[in-house]
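Asks: Before we start, here is the structure in question, set down as structure tokens.
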Amino acid sequence: MSLQFLWYIPNQAQPGHRGDDLVENHNSLQTLAGHARALEEHGWSGALIGTGWGRPDTFTVATALAALTTTFQPLIAIRPGYWHPANFASAAATLDHLTGGRVLVNIVSGKDNLAAYGDSEGDRAHRYARTKEFLQIVRKLWTEENVTYHGEHFGVTGSTVVPRTVVRGGRGHPRLYFGGASEAAEQVAATEADVQLFWGEPLDGVGERIERLRRLSEKLGREHPPLEFGLRITTLVRDTTEQAWADAEAKVAEMAEGGISRDPNRHPAVGQQRLLDLAARGEVLDDNLYTAPGRFGGGGAGTTWLVGSAEDVAKSLRRYQALGITHFVLSDTPYLPEIKRQGDRLLPLLRE
């Protein structure tokens with residue numbers, strides 16, 4: 001199975017995301033398109049574009065960047081409560097048609113400022129039951145015509161999406177990526193997602209989750225092609241191992257001085273808590289998985305870092321590949337220089 005290497009484009013309202021360079025017009029079309037074009041030029045397939053209320057609208061950003069590039073694949077993060085499944089299926093199919101089949105989709109079920117856009121998610125079980133229906137309807141609208149579906153949360157009657165998504169080789173529609181580590185989330189992934197996206201856990205944790213999801217897919221009677229697996233992680237790459245660790249420790253020290261710490265009253269999601277708990281096992285796991293950033297940067301994606309020379313980091317990523325990971329979403333700051341550095345130095349080693 002071919003490998004896919006994606007990056008991260010920070011569509012943020014405020015500059016300096018995770019230590020990024022403070023540049024003028026950081027979220028202008030010119031700046032973000034510069035990132036997307038650099039990704040094309042330096043060997044990347046595309047980039048994840050995150051979502052959340054109070055940020056630039058992800059689908060709009062993805063559409064603009066796709067229009068200004070030729071091979072760039074936007075991995076568009078979207079929330080089922082923000083979109084109705086038929087509206088989203090139509091919008092994504094149109095963009096997929098216009099770009100010749102470059103759309104990727106990341107379904108996000110985590111918490112957000114729901115009241116700001118009129119959503120009510122209920123408890124976790126409710127949230128993932130709704131996500132399951134969303135995935136089922138979107139997939140049906142992309143692959144069938146005259147779709148009728150009436151669920152607890154969503155429904156459509158006699159619905160056909162026009163234009164259709166691009167069908168090419170084994171691709172029948174845009175890949176549906178999905179995250180989540182709770183039991184409810186894993187049941188959705190095992191039956192409905194195309195790619196389960198993990199955050200940067202140690203090898204033993206990722207291996208155990210892959211095996212569990214494979215068993216769960218079989219137990220629950222998955223009807224789609226086998227579930228694929230991806231890794232979203234920070235990769236801090238420098239010319240030498242020593243320089244990489246010096247820079248990683250300096251970054252963490254700067255984060256500590258900035259006063260960024262975890263709110264003790266905050267209750268993170270299951271996947272976030274798994275990352276935060278890693279520090280109890282040690283600051284460095286699996287040779288070069290750095291857990292210290294989690295003490296100061298919260299518990300979201302990118303909390304753990306793979307640190308080292310290009311050769312060190314490539315060796316670690318190949319070990320994840322050996323477990324079954326075929327989709328990699330990497331990043332480090334400042335984003336634009338690292339697109340070039342890691343594209344030129346790390347990706348060739350991973351493609352050998």
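The values are calculated or read from the model by the stated rules, or taken from the named source; none is laboratory data. A quick note: this is a predicted structure, and the numbers were derived from the prediction, not measured. Cβ: placed from backbone, ideal geometry, glycine included. Neighbour counts: every protein chain shown.
Asks: So, Ala189, is that one in contact with a Ser or Thr (Cβ under 7 Å, 6 or more places away or on another chain), of a type in the set (A, V, I, L, M) and buried (at least 22 other Cβ atoms within 10 Å of the Cβ) or not? Reasoning before the result, please.
Replies: Working: in contact with a Ser or Thr (Cβ under 7 Å, 6 or more places away or on another chain): no; of a type in the set (A, V, I, L, M): yes; buried (at least 22 other Cβ atoms within 10 Å of the Cβ): yes.
Against the criterion (in contact with a Ser or Thr (Cβ under 7 Å, 6 or more places away or on another chain), of a type in the set (A, V, I, L, M) and buried (at least 22 other Cβ atoms within 10 Å of the Cβ)), Ala189 does not qualify.
Asks: Return the residues of the stretch 218-251 that are more than 18 Å from Asp332 (Cβ to Cβ) and crowded, with 21+ Cβ neighbours inside 10 Å; say none if nothing qualifies. Walk me through how you get there before you give the answer.
Replies: Taking the stretch 218-251 and keeping what is more than 18 Å from Asp332 (Cβ to Cβ), we get 218-229.
Within the stretch 218-251, Leu227, Phe229 meet the criteria.
Asks: Also, I was wondering about something else. If we scan the stretch 32-45, do we find a residue that is at pLDDT 95 or above, closer than 25 Å to Val167 by Cβ and in contact with a Pro (Cβ under 6 Å, 6 or more places away or on another chain)?
Replies: For the stretch 32-45, residues at pLDDT 95 or above, closer than 25 Å to Val167 by Cβ and in contact with a Pro (Cβ under 6 Å, 6 or more places away or on another chain): absent.
Asks: Restricting attention to the stretch 1-35, and to residues there that are hydrophobic (A, V, I, L, M, F, W, C) and touching a strand residue (DSSP E or B) at 6+ places or on another chain (Cβ under 7 Å), which single residue is farthest from Leu346 (Cα to Cα)? Steps first, please.
Replies: Applying the first criterion (hydrophobic (A, V, I, L, M, F, W, C)) to the stretch 1-35 yields 1, 3, 5-7, 9, 13, 22-23, 29, 32-33.
Next, only the ones that are touching a strand residue (DSSP E or B) at 6+ places or on another chain (Cβ under 7 Å) stay: 1, 3, 5-7, 9, 32.
Numbers: Met1: 20, Leu3: 14, Phe5: 11, Leu6: 13, Trp7: 12, Ile9: 18, Leu32: 22 Å.
Within the stretch 1-35, the match that is farthest from Leu346 (Cα to Cα) is Leu32.
Residue-by-condition table, conditions (1) touching a residue at least 60 places away in the same chain (Cβ under 8 Å); (2) surrounded by fewer than 22 Cβ atoms within 10 Å (Cβ to Cβ):
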site	(1), (2)
Ala322	no, yes
Val329	yes, no
Lys340	yes, yes
Leu346	yes, no
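Asks: So, one more: Any idea how many residues of the stretch 96-124 are at pLDDT 95 or above and surrounded by fewer than 20 Cβ atoms within 10 Å (Cβ to Cβ)? I'd like the intermediate steps shown before the answer.
Replies: Filtering the stretch 96-124 for residues at pLDDT 95 or above gives 96-107.
Within this subset, residues satisfying the condition of being surrounded by fewer than 20 Cβ atoms within 10 Å (Cβ to Cβ) are 97-98, 100-101.
Count: 4.
Asks: Among (1) at negative phi; (2) in a loop (DSSP other than H, G, I, E, B), where does Leu48 come up short?
Replies: (2)
Condition check ((1) over 29 Å from Glu133 (Cα atoms); (2) in contact (Cβ under 8 Å) with a residue 40 or more places away in the chain; (3) surrounded by fewer than 22 Cβ atoms within 10 Å (Cβ to Cβ); (4) not polar (S, T, N, Q)) across all residues:
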{"site": "His26", "(1), (2), (3), (4)": "yes, no, yes, yes"}
{"site": "Gly34", "(1), (2), (3), (4)": "yes, yes, yes, yes"}
{"site": "Gly52", "(1), (2), (3), (4)": "no, yes, yes, yes"}
{"site": "His84", "(1), (2), (3), (4)": "no, yes, yes, yes"}
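Asks: Can you tell me which of (1) surrounded by 22 or more Cβ atoms within 10 Å (Cβ to Cβ); (2) modelled with pLDDT of 95 or more is the one Thr303 doesn't meet?
Replies: Result: Thr303 fails condition (2) only.
Asks: Every residue in the stretch 112-160 that is small (Gly, Ala, Ser) and on the phi < 0 side of the Ramachandran plot, please. Full working, then the answer.
Replies: Going residue by residue through the stretch 112-160, those that are small (Gly, Ala, Ser) are 115-116, 118, 120, 122, 125, 129, 151, 155, 158-159.
Residues satisfying the conditions are Ala115, Ala116, Ser120, Ala125, Ala129, Gly151, Gly155, Ser159.
Asks: Report, by residue number, each residue of the stretch 36-50 that is out of contact with any Phe, Trp or Tyr (no Cβ under 7 Å at 6 or more places or on another chain) and either buried (at least 21 other Cβ atoms within 10 Å of the Cβ) or within 18 Å of Asn106 (Cβ to Cβ) (or both).
Replies: Here is the first cut: in the stretch 36-50, the ones out of contact with any Phe, Trp or Tyr (no Cβ under 7 Å at 6 or more places or on another chain) are 37-38, 41-43, 49-50.
The answer is Ile49, Gly50.
Asks: Among the residues of the stretch 173-185, how many are surrounded by fewer than 22 Cβ atoms within 10 Å (Cβ to Cβ) and modelled with pLDDT of 95 or more?
Replies: Taking the stretch 173-185 first, the residues surrounded by fewer than 22 Cβ atoms within 10 Å (Cβ to Cβ) are 175-176, 181-184.
Filter again for modelled with pLDDT of 95 or more, leaving 175-176.
Selection size over the stretch 173-185: 2.
Asks: Say we look at the stretch 59-82 and pick out the residues that are within 18 Å of Gly180 (Cβ to Cβ) and at pLDDT 95 or above; which of these is surrounded by the most Cβ atoms within 10 Å (Cβ to Cβ)? Full working, then the answer.
Replies: Within the stretch 59-82, the subset within 18 Å of Gly180 (Cβ to Cβ) is 75-82.
Subset that is at pLDDT 95 or above: 75-78.
Values: Leu75: 30, Ile76: 27, Ala77: 22, Ile78: 21.
Of everything passing the filter in the stretch 59-82, Leu75 is surrounded by the most Cβ atoms within 10 Å (Cβ to Cβ).
Asks: A further question follows. In the stretch 106-161, what residues are of a type in the set (Ser, Thr, Tyr) and part of a loop (DSSP other than H, G, I, E, B)?
Replies: First, pick out the residues of the stretch 106-161 that are of a type in the set (Ser, Thr, Tyr): 109, 117, 120, 128, 131, 143, 148-149, 157, 159-160.
If the condition is that a residue be of a type in the set (Ser, Thr, Tyr) and part of a loop (DSSP other than H, G, I, E, B), then Ser109, Ser120, Thr160 are the ones that fit.
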